[in-house]
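Since the structure comes first, as C-alpha cells, the remarks are kept for the end.
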Amino acid sequence: MQTSSRLVALSLICGMALTACGHGGSSSFVPTTSGLSSNLSRPMVAQIAPVPHAYGKLAFHDIGLRPATQPVHVTLTLQYNHQAQLNQLVAQQADPSSPMYHQYLTSAQFDSYYAPTAAQEAQVVQALRAAGFTITHQYANRTLIDATASTAAAESFFHTTIHTVTQGKYGRRYTNTQPGTLPKALTSLVQDVTMNNLVVAHTQVSPSSVVPPNVHHPGPLQRRPRRIKFLASPVHHVMTSGNAVSDGNFASGGFSAGWTQCGNGYAVIDSSNPMQGDQYDALTGNLANNPGEESGYDGVCQTVVVPSNGVLTFWVDEGTSETSTYYADQEADLLDSNGNILTTLYYENGNTNGYVQYSFDVSAYAGQTVTLFFGIYGSGSSTDYNYIYLDNVSLTDGSSPTPTPAPTATPAPTPAPTATPSPTPAPTATPSGNCTGTADNGPLNGANGWLATGVADAFDFPVQHGCNGAGQTVAVEIDTPINQSDVNGYLNAAGVTQTGTITNEAVDGGGNASSSDYTETALDVETISGLAPGANIIVYNFPDLSSQSIEDGYNQTVSDGIASVVNSSFGGCETSDTAFTNTTNSIAQQAAAKGITFSASSGDSGSDACGTGNNPPEVSSPATDPYFTAVGAVNFTDNSTTGALTSITAGVDSSNGFSSGGGVSTIFSLPSYQQGVANINTSGRNVPDVSLPGVGVMVYANGAPEQVDGTSWASPEFCAFMAEVNELHNADSGFVNPTLYSIFQNTGYTDFTDVTTGSNGAYSAGSGYDLVTGIGAPQGWALANAL
C-alpha cells in the first residue's frame with residue numbers, strides 16, 4: 001500500500017500531533033460536514049445473530065438440538081467508535097472536491113480513533129470468559145473476537161437455541177435457530193454475532209465450452225479422465241512406403257493389422273460407410289437411427305513412431321445430436337504408453353454430412369512412440385447419438401503436400417494447450433508516469449480459452465502502457481492455497497513473465513489444497529499474475545467458505561494492511577445470513593478508510609442468486625455490500641490481427657447455465673454514489689457496478705489446462721486493473737465506487753463501453769446502466785487516467 005499520503009491525512013484530520021488523536025483528543029479529528037453524504041455503513045435491518053436461511057446448493061436440513069457438550073465457535077463483530085464521523089470521512093476520501101480526497105489512514109490512525117478501544121475489547125472478552133468461552137483469536141485492529149464454548153454455554157449467553165444440521169456435501173454443521181440477544185452491558189459494544197458454521201458462499205466458476213474467436217478445434221475440457229483404456233497391448237508399426245500407420249484404409253477388414261479397440265471396446269471395422277474406392281472404414285458410436293449414446297471414451301488406436309517433420313492426415317464423417325462439447329464430442333488424441341492423453345488434436349460436435357479431411361503437424365513428437373486415438377467421448381444419454389467414421393489415415397515425414405482443405409494445429413509436447421498467437425506483435429509499452437513495465441505480448445487465446453494478452457488488448461489494460469502493477473499487493477480471499485507450479489503452467493501458455501511474488505497466508509489454520517474450489521484459487525491468482533505481472537499476490541486461505549472463515553480472512557487482511565486491493569470470487573444468497581453481510585460490509589468500510597479497494601464477483605446465477613426461480617429475484621453477497629465493487633461478466637470478440645475489441649454482450653453461456661449476476665439488494669438501501677444515475681432502481685443497492693470478461697477463459701489447475709466461465713474471472717481482472725491504476729498514480733485508489741459513478745455521470749461512455757445486449761433472467765442489458773452489466777466495461781487506459 002502507498003504510505004506517502006498518511007501523514008498528510010493525519011494533519012488534515014487531527015490538525016495537531018498524533019498524540020492528540022486518541023479518544024480523549026481534539027475534536028478536529030472529526031471530518032468536515034461538507035461533501036458526500038453517506039448511508040453505506042449499516043443495512044436497513046440489523047439483528048444480533050439473526051437466524052440463517054440457506055437456499056439452493058447451500059440449503060441445509062435441521063436434524064435437531066445440538067448436544068449440550070458439543071463445541072460452538074462464534075465470531076463477534078465489535079462496534080466502531082464515532083461511526084457517523086467514519087461514514088463522513090470515507091465519503092470525503094472518495095470525493096475529489098474534498099480536501100480529504102485520497103487522504104487515507106494508517107492502521108494506527110484508524111485504531112486510535114475509530115476502532116474499539118482496548119478497554120472496550122477487554123470488556124467483551126471478560127464477559128465471554130466469565131460465561132465459559134475460550135478466546136481463540138483477537139486481532140490487532142480489535143474488530144473481531146473469535147471464541148469457543150460448549151453448546152449449552154453459548155445458548156445460555158446469547159439466549160438462543162443451536163441445532164445440528166446437514167448441509168449437502170459440506171456435512172454436519174450447526175446454526176442458531178432463534179435470534180440471539182446480548183447482555184445489556186455489551187449491547188453498545190457488539191455490532192453482530194455469527195454463531196453458525198454454515199457455508200454461505202460458493203465459488204463463481206463453471207466449466208465452459210465456449211470457443212474463443214480465431215481458435216480452430218480447441219483442446220479438451222479437463223473435467224474428463226485424462227487416460228483412455230487400452231484393450232490390447234500396443235504394438236507399434238514400423239514405417240513402410242512413407243506411412244507410419246499400418247492399414248490406414250482398413251483394407252484388412254479387421255483389428256489384425258495394427259489397429260486395436262480403445263476405451264469401451266465397441267468400435268468396429270466394417271463396410272457401412274467407406275470412402276470412395278475403399279472397402280472398409282472404422283465406426284465408433286451410435287447413429288441417429290439408434291439413439292443411446294455411449295458413456296466415456298470409445299474408439300480405435302494404433303501405436304506408431306512419429307517420423308521427422310511428422311504430418312498426420314485422416315478423413316472423418318461425423319454426426320451427433322449433442323450441442324455442447326461439455327457433454328460429448330468426436331476427437332483425436334495422442335496417447336502415451338499408459339493411455340494418458342499427451343495432447344488433443346481436435347474435438348468438436350461435428351455434423352459433417354460426408355467425409356472431411358484433417359491434417360496436423362505432430363513433428364513436436366518426432367522420434368517418440370505414441371498411440372493415435374480416433375473416437376468419441378459420450379455422455380451416456382439414452383436419447384442422444386454421437387458417432388465418427390474414420391478412413392484413410394496416414395502419418396508421413398512431411399514430404400507429401402498437405403491437401404488445401406486440411407486445417408492445421410501444432411500440439412505442444414507438454415499437457416499445456418498450444419495457444420494461437422496474435423498475428424502481429426503487441427505494441428511495445430510506452431512507460432507512462434510511474435510505469436516502466438513491459439506490455440503483455442503473448443497469444444490472445446489458446447485451445448482452452450482466452451489468455452491474458454487477449455483481455456489486455458481488447459480492454460486496453462494499463463499493462464499495455466507499461467503499468468504492470470509493480471509495487472502493489474493484491475489479496476486473494478479463498479479457501480485453498482495456490483500451487484506455484486500451476487501458475488507457472490498458465491504463464492508459460494500465456495507468454496507472460498511475472499516479476500511480482502506469490503505468497504500463501506493461512507487464516508484459521510488455512511485451506512485444503514485438494515478442495516474442489518482449487519480451480520477458483522488458480523483462476524484468481526493466474527488472472528492477476530497474467531494481467532498485472534508486476535504485482536505481488538497474497539492468498540489469504542481459510543478452511544471453508546463459511547461466514548466466520550470469510551469474515552476472519554477479510555479482517556486479517558485489513559488488519560495486516562499490506563494489500564491495496566482485495567479480491568472475492570465467491571458469493572451466496574444475500575438474505576441467507578444478514579450478520580455476514582453486515583460484518584463484511586463493516587470490514588470493507590474500515591478498508592476504505594485505509595485506502596484498500598474491495599472487489600467481489602456479482603454471481604453466476606443471473607438474477608436468481610437464491611435459487612428461488614426468480615420468485616423473487618435476488619442478489620449475491622458480498623457483492624451487494626456497498627463498500628465492495630461488484631463486478632459482472634461480459635462475453636466479447638476481438639480483431640484477430642490487432643486484438644482490439646469488436647463486439648461485447650452480457651456474460652451468458654447456455655451450455656452450462658452461467659449467467660452474470662445482477663439485481664437489487666433487499667438488505668442495503670441505495671448508496672449515495674448511485675443516486676441520480678439514470679435507470680437505477682431506487683429501492684436498494686444496485687449490482688453490478690462494472691463488468692469485465694467472464695466467458696471462456698483458460699485456467700491451469702492441478703497440472704492441466706481447462707476452460708471455465710464465471711464472474712470469478714471478472715473480479716480478479718478488476719483487481720489487476722486497480723493495482724495498475726494505483727501504480728500509475730503512485731497512490732491507493734481505495735473506495736473507488738463513488739469515483740466510478742462520478743466519471744460515468746460526467747463523461748458517459750468516454751471511459752466505459754456500454755453493453756446493450758443480453759439478459760440474466762429478470763433483467764436485460766440496455767443503453768446506460770443496467771442490472772446485468774452495470775455501467776458497462778471499463779476502457780482500461782482511459783478510465784485509469786480518469787480515476
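For region 445-534, taking the reciprocal of the average inverse distance between every pair of different Cα atoms yields a Kirkwood hydrodynamic radius of 13.8 Å. Rounded to two decimals, the Cα-based Rg/Rh of region 311-388, with Kirkwood Rh, is 1.00. Kirkwood's formula applied to the C-alpha pairs of region 496-542 gives a hydrodynamic radius of 11.2 angstrom.
Just how many % of Cα pairs in region 645-693 lie over 14 Å apart, if you round to the nearest whole percent? Tail of the P(r) past 14 Å holds 59 percent of the pairs. Note on Arg172 and Thr134: with the Förster distance fixed at 22 Å, the Cβ-Cβ geometry gives a FRET efficiency of about 0.50. On the basis of the beta-carbon distance and an R0 of 35 Å, Ala251 and Thr369 show a calculated FRET efficiency of 0.90. Divide the volume of the convex hull of the Cα atoms of region 496-624 by its number of residues and quote the answer in cubic angstrom per residue. Hull volume normalised by residue count: 113 Å³.
For the chain, what does the accessible surface come to per residue with a 1.4 Å probe? Please give it in Å². Result: 33 Å² of accessible area for each residue.
Peptides 98-110, 469-481 ordered by packing proxy, namely the average of other Cβ atoms within 10 Å per residue, highest first: 469-481, 98-110. Peptide packing for 163-169, 251-257 was compared via the average number of neighbouring C-beta atoms within 10 Å per residue; ordered from the highest value, the list is 163-169, 251-257. The stretch between Thr499 and Ser655 holds 52.5 nm of extra length on full extension. This uses 0.36 nm per residue minus the Cα-Cα distance. A full extension of the chain between Thr436 and Ser516 corresponds to an added length of 25.0 nm, given 0.36 nm per residue minus the alpha carbon distance. Given R0 = 56 Å, the distance between the Cβ atoms of Asn746 and Tyr266 translates into a calculated FRET efficiency of 0.30. Per-peptide packing, taken as the mean over residues of other Cβ atoms within 10 Å, places 365-374, 601-610 in the sequence 601-610, 365-374 from highest down. Against the chain, whose longest principal axis is taken from its Cα atoms, helix 547-560 shows a tilt of about 70°. Under 23 Å of direct C-alpha separation, and excluding same-chain neighbours fewer than eight residues apart, Lys57 reaches these lysines: Lys169.
Label positions at Ala506 and Gln484, each projected 7 Å from the Cα along the C-beta direction, are separated by 1.8 nm.
Under conditions of 37 °C and 0.692 mPa s, the chain yields 118 µm² s⁻¹ as its translational diffusion coefficient, taking Rh as the Kirkwood radius over Cα pairs in the Stokes-Einstein equation.
Of all DSSP-defined beta bridges confined to the chain, some 75% are antiparallel rather than parallel. Maximal additional length on extending the Thr612-Asp361 stretch stands at 85.3 nm, based on 0.36 nm per residue less the C-alpha distance. Under the simplified labelling scheme, the Ser382-Thr352 pair shows an inter-label distance of 3.2 nm, with each label point 7 Å from Cα along Cα→Cβ.
Note on Gln675 and Ser156: the model spin-label points, each 7 Å out from Cα along the C-beta direction, lie 4.9 nm apart. Taking Cβ atoms as reference points and 15 Å as the exclusive limit, the residues near Asp608 contribute a net charge of -2, counting Lys and Arg as +1 and Asp and Glu as -1.
The values are calculated or read from the model by the stated rules, or taken from the named source; none is laboratory data. Note that the coordinates shown come from a computational prediction; the quantities given were computed from them, not determined experimentally. So basically every Cβ, Gly included, is an ideal-geometry build from the backbone, and we count neighbours across all protein chains shown. Just so you know, the surface numbers come from the protein's heavy atoms only, side chains and all, with ligands and any DNA or RNA stripped out. Shrake-Rupley method; radii C 1.70, N 1.55, O 1.52, S 1.80 Å.
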